[in-house]
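Here's the structure, in structure tokens; my notes come after.
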Amino acid sequence: MRYAMKYGTKAIKKVKLEIWDNPNPERDYEINISFPEFTCLCPRSGYPDFATIKINYVPDKKIVELKSLKLYLNSFRDIHISHEEITNKIYSELERKLKPRFIEVIGDFNPRGNVKTIIRASSKG
């Protein structure tokens, strides 16, 4: 039996971060985003890893559109990648596209095998 691809899976496959103009570029303000249902796969065991991804940034000229960010983060659910690599990958992608005044990405991974990991990548801002 064949199943049609669901609309969410289609959207994730076509994901592209949308970058918008900052409506208030003359002012410093902070944007805090929390994504508590992040998943990826352990590159060694293949087991799922679960995390909360937190993004804090002070925009300059650009901001990220939230639905495209959600789809971008969901695109890692079937990728075998370490906690360190994924946190730094998200940081690098957002830093490159937004060129913010400050950015911090935190990967707060759920315990597995009695080990909890928190990875933090940030600009010196």
Where the second residue is surrounded by 11 or more Cβ atoms within 10 Å (Cβ to Cβ) and not in a loop (DSSP other than H, G, I, E, B) and the first is small (Gly, Ala, Ser) and lies in the range 21-37, which pairs have Cβ atoms under 7 Å and are six or more apart or on separate chains?
SER34/THR52; SER34/LYS54
Take the conditions in a loop (DSSP other than H, G, I, E, B), at pLDDT 95 or above, buried (at least 16 other Cβ atoms within 10 Å of the Cβ) and of a type outside the set (Lys, Arg) and apply them to PRO100. Does it pass?
yes
Scan of the range 48-73 for residues that are part of a loop (DSSP other than H, G, I, E, B) and within 13 Å of the chain's Cα centre (by Cα), ordered by number:
GLU65
Given the residues PHE76, PHE35, which is the only one that is touching a helix residue (DSSP H, G or I) at 6+ places or on another chain (Cβ under 7 Å) and either among the charged types (D, E, K, R) or not in a strand (DSSP E or B) (or both)?
PHE76
Can you give me the number of residues within the range 1-37 that are more than 18 Å from SER122 (Cβ to Cβ) and either modelled with pLDDT under 95 or within 16 Å of the chain's Cα centre (by Cα) (or both)?
21
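The values are calculated or read from the model by the stated rules, or taken from the named source; none is laboratory data. What you see is a predicted model, and the numbers here were worked out from it, not measured in a lab. All Cβ positions, even for glycine, are placed from backbone atoms using ideal geometry, and neighbour counts span all protein chains on display.
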